[in-house]
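In what follows, a structure is listed as structure tokens, so that the remarks can point back to it.
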Amino acid sequence: MGQVIRTSISLSAWPELDQRLWYSATTKGEFLAPDGKAAHWVPETKRQVEKGYGKWVYYLTLVSALPSEESVSPFDRVTKDRLRAYVDLLTNQGLASQTIASRLTDLCEALRVMCPSCDLTVIKHLVSVLNMRATPSRNKAARIKHPFEIWGAACKAMDDAHTTDELTPLHRSCAYRDALALGLLALRPIRLKNLTQLTLSEQLRFDGSQWQCSFSGYETKDKQPLHFALPTDVTFVTGFERYLTEHRPVLLRDPHDEKAGILPSQLTGPLWISIRRKRMSQQALYCNICQLSERLLGVRLNPHLMRDCAAS
């Protein structure tokens with residue numbers, strides 16, 4: 001195997017000053033002390049900006065600005081020449097133009113919360129220019145599929161998984177689960193995080209006539225509550241409840257007789273069960289949906305692109 005080349009410095013290896021400023025920015029204040037500027041960031045945003053700033057620290061180390069300037073304010077280490085050289089470094093690493101723009105956004109956000117009194121006009125202008133010049137790394141339009149086309153392919157995949165004799169019961173249920181996840185995203189294109197969170201009797205409930213999904217503002221990216229009903233057509237309801245009553249128990253390794261008499265509406269626990277009998281991770285759902293869509297439709301549809309399919 002080839003050696004992994006690190007291009008980002010972890011938080012524990014940042015200059016001590018940077019670590020203190022980052023900790024202060026991302027921590028809630030005690031008693032009457034004010035919260036840090038990034039104290040209310042969701043974990044995903046915090047990790048992304050932290051990793052992005054780590055790339056900048058890596059660059060500064062590469063050009064020997066660190067450790068010689070480790071006691072200098074993070075903002076004072078930023079110059080136009082260094083920004084240009086940093087963009088060149090990211091380009092030479094093979095990053096797409098949109099990704100480079102995102103890494104500069106990470107740097108800008110990190111400095112904004114770590115050095116709140118500093119003027120970030122130069123960096124913001126650079127981010128704006130990079131975003132305007134950025135081009136999609138792939139032809140997105142060519143990958144857009146109508147939601148009903150995706151749903152139709154998912155239905156066939158569910159039927160195939162349910163009836164095949166070529167797979168073990170466990171792998172049949174895995175295949176059925178992945179096809180249902182793809183189909184559900186086609187009809188209700190929610191964010192991957194929320195898809196992963198779906199829990200029976202919590203975010204997902206049966207109200208007596210149909211299945212309802214509800215997320216609090218704390219659970220959504222825009223901090224607004226989200227509520228919607230799942231489709232009520234016979235094909236969807238039959239396929240969905242077949243997963244709940246037949247395939248999900250297989251993934252949980254629950255004998256069917258233990259669930260005898262329990263209605264789908266009475267079930268609890270994560271909707272998407274992994275082969276390890278636990279809630280599927282975001283990464284697992286993402287990879288399985290991408291791979292299945294490419295096999296069924298000839299294009300790799302990630303959960304984010306599914307939202308574009310719904311809007312097209």
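Consider Lys80 carefully, then state whether it is in contact with a Ser or Thr (Cβ under 6 Å, 6 or more places away or on another chain), surrounded by fewer than 18 Cβ atoms within 10 Å (Cβ to Cβ) and without any contact (Cβ under 8 Å) to a residue 60 or more places away in the chain. It is false that Lys80 is in contact with a Ser or Thr (Cβ under 6 Å, 6 or more places away or on another chain), surrounded by fewer than 18 Cβ atoms within 10 Å (Cβ to Cβ) and without any contact (Cβ under 8 Å) to a residue 60 or more places away in the chain. Quick one: which of Arg307, Arg300, Arg248 is closer than 19 Å to Ala161 by Cβ and either surrounded by 12 or more Cβ atoms within 10 Å (Cβ to Cβ) or not β-branched (Val, Ile, Thr) (or both)? The match here is Arg248. If we scan the range 218-239, do we find a residue that is closer than 29 Å to Gly152 by Cβ, within 23 Å of the chain's Cα centre (by Cα), surrounded by fewer than 16 Cβ atoms within 10 Å (Cβ to Cβ) and among the hydrophobic types (A, V, I, L, M, F, W, C)? Checked the range 218-239: at least one residue is closer than 29 Å to Gly152 by Cβ, within 23 Å of the chain's Cα centre (by Cα), surrounded by fewer than 16 Cβ atoms within 10 Å (Cβ to Cβ) and among the hydrophobic types (A, V, I, L, M, F, W, C).
Would you confirm whether or not the range 88-109 contains a residue that is outside any helix (DSSP H, G or I) and touching a Pro at 6+ places or on another chain (Cβ under 6 Å)? Looking through the range 88-109, none of the residues is outside any helix (DSSP H, G or I) and touching a Pro at 6+ places or on another chain (Cβ under 6 Å). Ser73 passes every criterion in (1) modelled with pLDDT under 95; (2) over 24 Å from the mean Cα position of the chain (by Cα); (3) among the hydroxyl-bearing types (Ser, Thr, Tyr) apart from (1). The residues of the range 208-217 that are aromatic (Phe, Trp, Tyr) and over 18 Å from the mean Cα position of the chain (by Cα) amount to a single one, Trp211.
Given the residues Asp119, Asp160, which is the only one that is more than 24 Å from the chain's Cα centre (by Cα), without any contact (Cβ under 8 Å) to a residue 24 or more places away in the chain and part of a helix (DSSP H, G or I)? Answer to the selection: Asp160.
The values are calculated or read from the model by the stated rules, or taken from the named source; none is laboratory data. Since the structure is predicted, the reported quantities are computational estimates derived from the model, not experimental observations. Counting neighbours? That spans all protein chains shown, and the Cβs are built from the backbone with ideal geometry, glycine included.
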